[in-house]
Every structure is written in C-alpha cells, then in structure tokens.
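Taken together, the values in this text are just the output of simple stated rules run on the coordinates, not laboratory data. Quick caveat: nothing in here was measured; it's all calculated off a predicted structure. Every residue, glycine as well, gets a Cβ built from its backbone with ideal geometry; the counts of neighbours run over all protein chains shown.
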Amino acid sequence: MTLFLAMATQVVETAAAPASHGSSSMPFLLVGLWVLLLSVFVGFEVIQKVPPTLHTPLMSGSNAISGITIVGSLYCVGNDYPLSAGILGILAIVCAMINVVGGFVVTDRMLAMFSAKGGKK
Amino acid sequence: MLAFIDATHIVELAYMAASLLFILGILKLGKVKTSKQGNLWAAYGMAIAIGATMLLLITSGDWDPREGEWTYQSHVLAVGAMVLGSVIGWWMAIKVPMTSMPEFVAFFNGLGGAASMFVGLAEVPRAAERNQILAAEGADFAIADSLAVIIGAITLTGSLVAYAKLAGKLNKSRIGPLGSQGVNALLGIACIGLAVWGGFFAKTPTELWLSNGLLAFASLLLGVGLTLPIGGADMPVAIALLNSYSGIAGMTTGFILKNNLLIVAGSLVGASGIILTQIMCKAMNRSLSNVLLGGMGETAGASGGAKDEGYTKVKSTSAEELAALLDAATSVIFVPGYGLAVAQAQHKVRELAGLLEKKGCQVRYAIHPVAGRMPGHMNILLAEADVPYEQLYELDRINDDFKNTDVVVVLGANDVCNPAATNDPKSPIAGMPVLTVWDARTVVVVKRSLASGYAGIRNELFQMDNSLMFLADAKKALEDTITELKAL
C-alpha cells in the first residue's frame with residue numbers, strides 16, 4: 001500500500017514538473033490529445049459503409065499507413081540519440097520500411113485485380 | 001512577408017499535407033471506383049512524410065556525422081536501412097500469391113509494431129546517458145514510451161502468431177503455459193509493474209535497461225498469449241484488431257517524439273481498425289470479448305479430424321452427376337470458402353461459370369462476410385479470376401433467393417452455411433448469420449473430407465435430404481466437372 005502511494009506521488013510530481021517551469025504556449029500533451037481526438041473521429045467516419053469487397057485492401061492499405069513509425073525511427077538515428085539508440089533506430093527503419101513498401105505494393109496488387117476487370121467491361 | 005521560411009515550418013506544412021493525403025487516401029480506399037487512387041494517395045503521403053523528415057534532420061544538422069561514435073555517417077546508415085527495408089518489402093509483396101495474402105498482411109503488420117517497439121526502446125539509452133528517469137521529460141512521456149513498447153511488442157508477436165496460424169504452420173491454442181487467461185493476466189500485471197518501474201523509478205543505465213528490456217520481453221510473451229487462443233475462424237477479427245494495435249502503437253510514438261503526424265496517422269489506423277473489427281464481429285454475431293477469449297479456439301485445435309464420424313446418411317456424388325445437375329439447372333449459386341483459396345480454384349470456378357452462362361443459366365456467387373481467412377478474402381480471389389463484381393452477392397441480398405435456385409455448389413466452405421446457427425440455440429455458432437443454402441433444390445458440397453470447419457462443429461447440412469457430398473479437392477472437382485460438362 002505504501003509502495004503504491006509512493007509510486008502515485010512520484011507519478012503526480014513528475015507530471016506536474018514540466019508545467020511548473022513550463023513553456024509559454026499550450027504543452028504538447030494537450031495539443032497532441034486534441035489532434036488524437038479529432039483523428040479518431042475522422043478514422044471512425046471515413047470507414048463507415050465500406051463494401052465488404054474492399055475490407056481486405058482497406059486493411060492492408062491502412063496497415064501500410066501504420067508504418068508511419070518510419071518517421072519516428074528516422075529521428076532515433078539523429079544526433080540527439082546515443083549509439084545504442086541509433087542501432088535500435090536502424091532496426092526500426094528496416095521493419096517500418098518493409099511494412100510501408102510491402103503494404104502499399106500488396107494493396108496495389110489486390111486493387112489492380114478489381115480495376116483490370118473494370119477495364120475489360 | 002511570409003512568417004515561415006524556416007525549415008521546421010516547411011516540414012510542418014509537409015506533415016499537414018501528408019496527414020491530409022492519408023485521410024483522403026483511406027476515404028478513397030473505401031469506394032470501389034477510387035480505391036486504387038486512394039492507395040496511391042496514401043503512398044504519396046508517406047513519401048512526403050519521409051522526405052520532409054529527412055529534410056528536417058539534414059537541415060537541423062541532426063544527421064551530421066558525430067565525432068568518434070559512428071563509424072559511418074548516420075544518415076548514410078539510415079538511408080541504407082531504408083533501401084534495404086524497401087527492397088525486402090517490395091520483393092515479398094511481389095512474390096506472395098493472392099491466396100496467402102492474409103498471412104502476409106499480418107506479417108507486415110507485425111513489423112510495423114516492431115518498429116514502434118524499437119522507437120520506444122530507443123529512448124532508454126538517451127535517458128541512461130543522462131542518468132535520469134524517463135519521466136524526467138514528463139510523466140506523459142514516460143507513459144507514452146512504455147505504451148509504445150508494450151503495444152508495439154504485442155502487435156509484433158501477435159501478428160506473427162496470426163501469420164503462423166493463417167499459413168497453417170500453427171494450430172495450437174497453447175504453447176506451454178502461454179495462451180491461458182491466467183498467465184495472460186499475470187503477464188499483463190507484470191507489464192504494468194515493469195512500466196511503472198522503467199518509466200518512473202529506474203535511473204541508472206543498468207536499471208533502465210533491465211526494466212525496459214523485461215517490459216519488452218513480457219509484452220512479447222503477452223502478444224503470443226493473447227493471440228494463441230483465438231480460433232482460426234476468428235482470424236479475420238484478430239487481424240483487424242492487430243492492425244488497429246499497430247496504429248495505436250504508432251500514435252504513442254507521436255507522444256514520445258512530440259510529432260502530430262504520427263498521432264494523426266496512428267490514430268486514423270487505430271480507429272478505422274476498431275470499426276473494421278466491429279463490422280467483422282457483427283458479421284459473426286459474436287462479441288469482441290467472446291472472440292478474444294477464444295470461445296471456439298479450443299475445440300478447433302483439439303478435435304480436428306476426430307469429428308469425421310457421426311454422419312450416417314451422407315449421399316456422395318461425382319463429377320459426372322454434378323455436371324448433369326448443372327446442365328439441367330437454370331440458376332446456380334456458388335458459395336466459395338477457404339477451401340477454394342487453398343485449392344487455388346478461383347479460375348476454375350470462373351471457367352465453369354462461363355460454360356453455364358453460355359447455356360443460358362443464371363450464375364451468382366454468395367459471399368459470406370467472414371468466408372475465408374480475412375474479411376473480403378473471397379472477393380479478392382474471385383476478382384483475380386475476373387468474376388464480374390455484379391455477380392457477387394452479400395448474405396442479406398441472396399438468402400431469400402436460395403429457395404428459387406436449382407443448384408447451389410458449396411466450394412470448400414463449411415461453417416458459413418451450417419444450419420445449426422439458425423436452429424440449434426446451443427451450438428457455439430448459434431445466431432451467426434449464415435447462408436441458407438439448404439433452401440435450394442439441390443446442394444452440392446465440394447469438400448476434401450467430412451471434417452469439421454475451423455469452428456470445430458458438425459454440420460447437419462452434409463446429411464440433409466437435398467444435399468450431395470463431393471469429397472475432393474475443389475480445383476480437381478471443378479476440372480473434372482468442366483470436362484464432364486463439355487462432354488455432355
């Protein structure tokens with residue numbers, strides 16, 4: 001119980017810390033949460049009423065978009081990070097790029113079958 | 001004058017453009033006519049995002065070679081890694097046959113999770129260098145970092161298990177203690193504990209590495225444990241959900257790196273994945289928790305062939321008889337399932353359908369929402385074989401028509417046309433919407449054996465008065481039927 005309390009205090013204290021010597025404008029957390037809220041809403045909306053035919057391509061296309069972590073991975077190879085982080089960054093880059101390129105190409109291949117058919121008709 | 005000529009502002013604008021392209025891309029992907037363009041737009045968005053990030057890192061001097069530490073310049077290594085990843089991804093995507101598409105989507109998805117996990121872990125040495133706790137940069141930072149590691153790792157191993165299950169390389173619901181709900185709960189608690197230790201208390205490099213390393217390890221195990229119990233029939237749901245996880249993992253890295261683009265793209269994928277998961281669940285009339293706890297997984301893995309027995313009055317048929325039946329029919333509906341995909345029989349169905357159409361017979365295809373191993377799996381396969389889109393009918397549009405149909409040919413589908421779902425309230429699939437194929441005059445079930453489907457339950461359809469069993473590989477059966485039909 002005391003351990004739990006100690007943990008909770010530490011969490012609260014560190015949460016408050018950056019705000020005290022804080023920046024002039026809104027902290028990133030709040031901006032980020034706004035962005036998150038709106039994007040989730042958009043994500044819910046854009047996917048409604050999709051015909052079942054497109055479920056697989058949609059999934060694999062959005063899967064490719066989730067490779068956006070490539071952007072984060074690139075930062076980890078920058079000067080802000082020590083060598084060991086850079087190595088993790090390189091691993092992340094390889095994984096994310098496979099995800100991105102593989103995802104988009106596979107989706108394109110699937111969709112090509114729909115449009116090839118459309119062309120003949 | 002323009003207030004932003006600064007590189008960071010240009011990059012921010014480029015990120016905005018990329019976000020817009022992602023949103024419009026997903027929107028367009030959801031419509032048949034524009035789907036191909038949608039995928040392209042999303043890919044352009046990604047290219048812009050990557051290009052802008054590289055511009056930022058180069059102009060800010062972040063990618064300058066560091067003294068002493070790096071043997072090669074870091075940006076050269078980064079570009080090399082990108083090229084390597086692209087080549088591997090491209091090569092795999094080109095090579096994969098259409099039938100094994102679902103498992104490869106799962107595999108790519110896992111790598112996305114891995115990337116988020118690595119990005120989360122990369123913060124560890126940075127904190128270690130300064131001898132600071134991760135939360136020194138804010139509690140939100142520490143929490144986001146732990147979440148990136150946890151969700152990324154779960155996505156990675158969960159997707160790999162899904163890959164193995166889909167590829168038929170794994171059909172167990174347990175590996176040692178992994179897969180039981182008790183062990184999962186323990187792992188979950190361990191993850192929370194390690195996350196608190198690693199984010200808020202671990203200060204020395206040793207502590208930081210130990211806590212976060214263990215966190216990654218426990219999360220990797222948890223990913224395996226969570227996915228193992230999910231039955232094969234539920235894999236479409238599992239993939240949709242794991243896809244959503246990889247988005248959420250990407251979103252958390254946005255909070256680590258204070259990057260809005262990562263948050264937008266990640267939460268877009270996360271949210272759309274959850275909606276897709278919901279659609280899948282609805283199609284099977286199951287709750288998400290029921291799927292996740294593996295209601296059917298157990299029986300599927302354990303019984304398998306044991307349920308062959310128990311069918312007493314099955315009437316079997318041959319290619320000759322099927323050909324004669326089809327020849328006399330004026331309306332035929334094909335019901336494709338996973339067996340069709342395994343046998344790669346999609347072109348043969350098309351050929352047979354073509355022959356029947358020439359004879360003036362009406363040919364349609366009934367597509368159950370969860371037929372196959374991935375939502376929309378059958379639509380893709382039939383599209384590959386040039387089956388016209390207008391001939392594909394969804395469940396609610398075709399179910400009333402079965403009673404006016406002469407012959408229904410079930411091709412390697414089982415659970416999606418099991419009458420138990422409508423008439424046996426105790427059945428594990430009770431209430432699941434199924435194709436009411438038994439209403440047709442004659443049903444011919446083409447199947448390799450009388451074994452139960454992935455749900456592991458018996459199918460009364462096989463011994464109904466109006467049904468005939470054609471025990472053969474779908475492709476072989478269709479080939480023979482085509483030959484017989486041509487000979488008539």
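With the simple spin-label model, which puts each label point 7 Å out from Cα in the Cβ direction, the A:Leu33 to B:Leu20 separation comes to 2.9 nm. Quick one: if the Förster radius is 45 Å, what FRET efficiency do B:Glu320 and B:Ile189 give, using the C-beta to C-beta distance and rounding to 0.05? Efficiency, rounded to the nearest 0.05: 0.10.
Remark on B:Ser331: its backbone amide H falls under 5 Å from those of B:Gln362, B:Asp406, B:Val407, a criterion applied only to residues 5 or more positions apart or on other chains, H modelled at 1.01 Å from N.
Please work out the FRET efficiency for the pair B:Lys169 and B:Asp6, using the Cβ-Cβ distance as r and a Förster radius of 41 Å; give the result to the nearest 0.05. Computed FRET efficiency for B:Lys169 and B:Asp6 comes out at 0.20. The ranking of B:Met251, B:Met16 by Cβ neighbour count inside 10 Å, starting from the fewest, reads B:Met16, B:Met251.
How far, in nm, would the chain grow between B:Thr204 and B:Ser180 when pulled straight, counting 0.36 nm per residue and subtracting the alpha carbon separation? All intermediate terms of the calculation are to be shown ahead of the outcome.
Details: separation 24, 0.36 × 24 = 8.64 nm, distance 3.51 nm.
Fully extending the segment from B:Thr204 to B:Ser180 adds 5.1 nm.
May I ask for the distance between the Cα centers of the stretch B:146-176 and the stretch B:360-404, given as a whole number of Å? Going from one Cα centre to the other spans 31 Å. Among beta bridges from DSSP that stay inside the protein assembly as shown, the antiparallel ones total about 5%.
Extending 7 Å from Cα along the Cβ direction at B:His347 and again at B:Gln391 yields two label points whose distance is 1.6 nm.
Calculate how steeply helix B:474-487 sits against the longest principal axis of the alpha-carbon atoms of chain B, using the helix alpha-carbon long axis, and give the answer as 0 to 90 degrees to the nearest 10. Taking the Cα atoms of chain B, the angle to B:474-487 is about 40 degrees.
Taken over the stretch A:31-80, the convex hull of the Cα atoms encloses 66 Å³ per residue.
Translational diffusion of the stretch A:20-115 was estimated from the Stokes-Einstein equation, with Rh taken as the Kirkwood radius over Cα pairs; at 37 °C and 0.692 mPa s the coefficient is 202 µm²/s. In the protein assembly as shown, the C-alpha radius of gyration followed by the widest Cα-Cα span (Dmax) gives 26.4, 88 angstrom. The local environment of B:Gly199, defined by Cβ-Cβ distances under 12 Å, has a net charge of -4 under the rule Lys, Arg +1 and Asp, Glu -1. In terms of other Cβ atoms within 10 Å, A:Val105, B:Val342, B:Val314 run from fewest to most in the order B:Val314, B:Val342, A:Val105. Normalised by the number of residues in chain B, the mean separation of alpha-carbon contacts (under 8 Å, six or more apart) gives a relative contact order of 13 percent. Which whole-number percent of Cα pairs in the stretch B:76-139 have a distance greater than 17 Å? When every Cα pair of the stretch B:76-139 is considered, 60 percent fall beyond 17 Å. Placing R0 at 51 angstrom, the Cβ-Cβ distance between B:Val76 and B:Thr312 gives a FRET efficiency of 0.10 after rounding to 0.05. Taking the fewest neighbouring Cβ atoms within 10 Å as the starting point, the ordered list for B:Ile175, B:Ile248, B:Ile154 is B:Ile175, B:Ile248, B:Ile154.
For a test of the definition: using alpha carbon positions, the gyration tensor, and the 1.5 limit on a/c, classify the stretch B:65-215 as rounded, prolate or oblate.
Oblate is the answer for the stretch B:65-215, as a/c is 1.5 or above yet b/c matches or exceeds a/b.
Local charge for B:Ala144 was computed over the other residues whose Cβ lies under 12 Å away, with Lys and Arg +1 and Asp and Glu -1, and equals -3. According to the Kirkwood relation over distinct C-alpha pairs, the hydrodynamic radius of the stretch B:331-484 is 15.3 Å. Take each residue in B:250-258, count the other chain C-beta atoms within 10 Å of its C-beta, and the mean is 6. Using alpha carbons only, the radius of gyration of the stretch B:192-249 set against its Kirkwood radius gives Rg/Rh = 1.15.
With 0.36 nm allotted per residue and the present C-alpha distance subtracted, the B:Lys95-B:Val32 stretch has 20.2 nm of extension available. Apply the a/c threshold of 1.5 to the C-alpha gyration tensor of the stretch B:309-370 and tell me whether it is rounded, prolate or oblate. Oblate, because a/c is 1.5 or more while a/b does not exceed b/c.
Annotation for B:Asn423 and A:Ala112: the two label points, set 7 Å from Cα along the Cα-Cβ direction, are 4.7 nm apart. Expressed as a fraction of 2.2 N^0.38 Å, the value expected for a compact globular protein of N residues, the C-alpha radius of gyration of chain B is 1.14.
Available extension along the chain between B:Asn466 and B:Asn131 is 113.0 nm, counting 0.36 nm per residue and deducting the alpha carbon span.
Counting Cβ atoms of other protein chains within 10 Å of each Cβ in B:388-396 and taking the mean gives 2.
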